[in-house]
Structures are given as C-alpha cells and as structure tokens.
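K.L.:
There's a structure below that I have some questions on.
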Amino acid sequence: MMRSPTAQRGVTLVELIITVVIISIALTGTIIAFSNVVGRSSDTLFQSRALALAQAYLDEILGQPFDRETPEGGIPPYPGACRVTGGDADDRDTFRSVDQYDGLVFNPPELASGVISEGYQGYSVSISVSCVDTSVELGDGDIQQAKRIEVSISSPTNQTAVFSAYRGNF
C-alpha cells in the first residue's frame, strides 16, 4: 500500500535564514536609534550644569563695582578711562572690582563662598573681562563705559559653553 503525500510541516532552512536576517536588520536599526538618544542625553546634563555654574559666577562678579576706584554704592560713576587690572584667585574675598576676575581659571570650580555642589568634578571655569565700545556692542549712548564679562565652562568631555554679561559704569 502506498502512502499518500501529507502536507509539509515546519520551515525550511532558507526560510529560517531569511527570518534571522530580517530580525537582525531590525534590531540593528533599533540599537542605533537608542544609542543616538543616549548620547544626546549627556548634552542636556552638561547644559544645565554649565548654566548653573555660569549663573553663580556671574552673580558673584556682577555684584562687584565697575572699577576699584568706584565709590561705595557706585555713585558717582568712576570718572577715569576703562581699564582691566586682573586679579589673584587666592584673595577673591578682597576683590573690589569686576576686572579683578580677568584671567582667572578654576579647575575644579570654586565659588568665593567655597560652596559648590557635588557633580562638578572635571569641569573648569575660565573668566575674561574686557572694556567694550558701548556704541558698537550695546548701542546705547547713555552708557559711556562698560566691561564685558565672559565665563567659559568646560566639561569633562571637552564641551564648552560661553556666557556673557555686561557691567556698566553707572
């Protein structure tokens, strides 16, 4: 007696190989997409930490008078020519003007109060102060003199963010 052909069950080797290749391609695309998202998540962390550091340093610097010879309270304004004298990081408590912060580099960051939160290891802060032509940069004829303060924050991954502020002589 002869057997009747029965329906084939299962998959062939060729079908199995094609399925594995399709799944591999799909997984590769998914892994690439996730790695791009994870790589960009550190940018947000750097940006928020850089902003917090820059704000702390600019608050400290902008609280200083325009020049060493500016009278207490800032009135009347300093009458001399704009100048930048530079400073020494060791005596920040004795700083008496904005320009004394020029050229300072802090690695790791350190506020004048000495208080800095955890998580800033590997960050560095550099500060530059320069006199500016107010008619060009600020466009205001009422301000005769101003100093531009730039705070550069560098991360452990060598990303840099630069923040600027102006201190007018008024």
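The values are calculated or read from the model by the stated rules, or taken from the named source; none is laboratory data. Just so it is clear, the model here is predicted, and its values are computed rather than measured. Cβ coordinates were reconstructed from backbone atoms using ideal geometry, including for glycine residues, and neighbour counts include every protein chain displayed. Quick note on the areas: whole protein, heavy atoms, side chains included, nothing else; ligands and nucleic acids left out. Shrake-Rupley method; radii C 1.70, N 1.55, O 1.52, S 1.80 Å.
K.L.:
So which residues in region 46-87 are touching a Leu at 6+ places or on another chain (Cβ under 7 Å) and surrounded by fewer than 18 Cβ atoms within 10 Å (Cβ to Cβ), if there are any at all?
P.N.:
GLU60, the sole residue that qualifies.
K.L.:
Also, I was wondering about something else. Kindly list the number of the only condition in (1) exposed (fewer than 10 other Cβ atoms within 10 Å of the Cβ); (2) at pLDDT 85 or above; (3) part of a loop (DSSP other than H, G, I, E, B); (4) not basic (Lys, Arg) that fails for VAL14.
P.N.:
It fails just one condition, (3).
K.L.:
Moving on to the next point. Every residue in region 93-112 that is open to solvent by 80 Å² or more (accessible area, probe 1.4 Å), closer than 25 Å to ALA146 by Cβ and in a helix (DSSP H, G or I), please.
P.N.:
THR94, the sole residue that qualifies.
K.L.:
Are any of the residues in region 133-147 β-branched (Val, Ile, Thr), in a helix (DSSP H, G or I) and at pLDDT below 80? Show your work before the answer.
P.N.:
Within region 133-147, the subset β-branched (Val, Ile, Thr) is 134, 136, 143.
From what is left, the residues that are in a helix (DSSP H, G or I) are 134, 136.
Next, only the ones that are at pLDDT below 80 stay: 134, 136.
Yes, some residue in region 133-147 is β-branched (Val, Ile, Thr), in a helix (DSSP H, G or I) and at pLDDT below 80.
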